[in-house]
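Shown below is the structure under consideration.
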Amino acid sequence: MITDYSIQAVAINAIPLIFAITIHEAAHGYAARLFGDNTAYMLGRVSLNPIKHIDPVGTILIPLLLILSGSPFLVGYAKPVPVNFGRLRNPRIDSIWVALAGPGSNFIQALIWAIFLIILFGFDVNERFLLAMAQAGITWNLVLLVFNLFPLPPLDGGRILASLLPARQSIAFGKLEPYGFFIVLALIFTGVIGSFWMEPLTAFFKNVVYFVTLPLQMLF
């Protein structure tokens, strides 16, 4: 998370974070279209234009209030991509793939930023801004990947869990969605998500990125 709100820190984090959020949301819409639902595509949400995915409250107001209050945490959310799950060819299974598309895109982006960082080191590029941006790209994408996999609606992990539960339990679990983000905020500020979810899983995926890129590292 961003704890330094200086102009330089914002500049370093802005590009990878915008890409991370935008591609995450567009991936949901693309996956939905792939499995039979054109809702997001028809509404222009399968787009790399960040403006299409901005939520006035979740993307602007909440992060701004946290920054102004000096919060050590910076959280927020983008405008959810509309998906008509009833239009999916196999709603129960396909909805899992639609939900996984966002975190999956973040994992791929983390790999791309890691490859970029390895290439910078490999060619002895000592531009601190680029090195810091690549590292931020890895971090932000892994944070978004792990955070969105938390098994509580409206997060992607919650939608995955709802699809895996029996129908009756899935309906009951889905009733948490209106309160989900506030529950997540409470868990963040009490340190529960950080200690028992974010830290261990982020470390795990960081190791996965390291081992996947190990052959490229050995070339340099």
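Can you pull out the residues in the range 155-177 that are open to solvent by 70 Å² or more (accessible area, probe 1.4 Å) and within 17 Å of residue 25 (Cβ to Cβ)?
The answer is 159, and nothing else.
Right, another one. What are the residues in the range 70-92 that are open to solvent by 60 Å² or more (accessible area, probe 1.4 Å), modelled with pLDDT of 65 or more and either out of contact with any Pro (no Cβ under 7 Å at 6 or more places or on another chain) or part of a loop (DSSP other than H, G, I, E, B) (or both), if any?
The answer is 77, 79, 80, 84, 86, 87, 89, 90, 92.
If you take the residues of the range 35-51 that are in a helix (DSSP H, G or I) and touching a residue at least 24 places away in the same chain (Cβ under 8 Å), which of them is nearest to residue 88 (Cα to Cα)?
Going through the qualifying residues, I end up with 39.
Mind checking which residues of the range 28-59 are closer than 11 Å to residue 79 by Cβ and open to solvent by 20 Å² or more (accessible area, probe 1.4 Å)?
43, 50, 51, 52, 54, 55, 56, 57, 59
If you go through the range 185-193 one residue at a time, do you hit one that is surrounded by fewer than 11 Cβ atoms within 10 Å (Cβ to Cβ) and polar (S, T, N, Q)?
Within the range 185-193, one or more residues are surrounded by fewer than 11 Cβ atoms within 10 Å (Cβ to Cβ) and polar (S, T, N, Q).
Also, quick follow-up: Among the residues of the range 134-154 satisfying the criterion of being polar (S, T, N, Q) and open to solvent by 20 Å² or more (accessible area, probe 1.4 Å), which is farthest from residue 106 (Cα to Cα)?
My answer is 135.
Mind checking which residues of the range 116-133 are open to solvent by less than 20 Å² (accessible area, probe 1.4 Å) and touching a residue at least 60 places away in the same chain (Cβ under 8 Å)?
Passing the criteria: only 133.
Can you report the number of residues in the range 102-114 which are open to solvent by less than 20 Å² (accessible area, probe 1.4 Å) and more than 15 Å from residue 131 (Cα to Cα)?
Residues flagged as open to solvent by less than 20 Å² (accessible area, probe 1.4 Å) and more than 15 Å from residue 131 (Cα to Cα) within the range 102-114 amount to 5.
With free of Cβ contacts under 8 Å to residues at least 24 places away in the same chain and among the hydrophobic types (A, V, I, L, M, F, W, C) as the only criterion, which of 145, 161, 152 stands out?
161
Moving to a separate point now. Taking residue 185, is it assigned to a helix (DSSP H, G or I) and modelled with pLDDT under 90?
Taking the combined requirement at face value, the residue satisfies it.
So which residues in the range 196-220 are under 16 Å from residue 148 (Cα atoms), open to solvent by less than 70 Å² (accessible area, probe 1.4 Å) and either of a type outside the set (Val, Ile, Thr) or not in a helix (DSSP H, G or I) (or both)?
197, 198, 200, 201, 203, 205 - these are the residues of the range 196-220 that are under 16 Å from residue 148 (Cα atoms), open to solvent by less than 70 Å² (accessible area, probe 1.4 Å) and either of a type outside the set (Val, Ile, Thr) or not in a helix (DSSP H, G or I) (or both).
The values are calculated or read from the model by the stated rules, or taken from the named source; none is laboratory data. What you are looking at is a predicted structure, and each value in this text was computed from that prediction instead of being measured. Methodologically, a virtual Cβ is constructed for each residue, glycine included, from the backbone with ideal geometry; neighbour enumeration extends over all protein chains shown. Accessible surface is based on the protein model in full, side chains and every heavy atom, while ligands, DNA and RNA are left aside. Shrake-Rupley method; radii C 1.70, N 1.55, O 1.52, S 1.80 Å.
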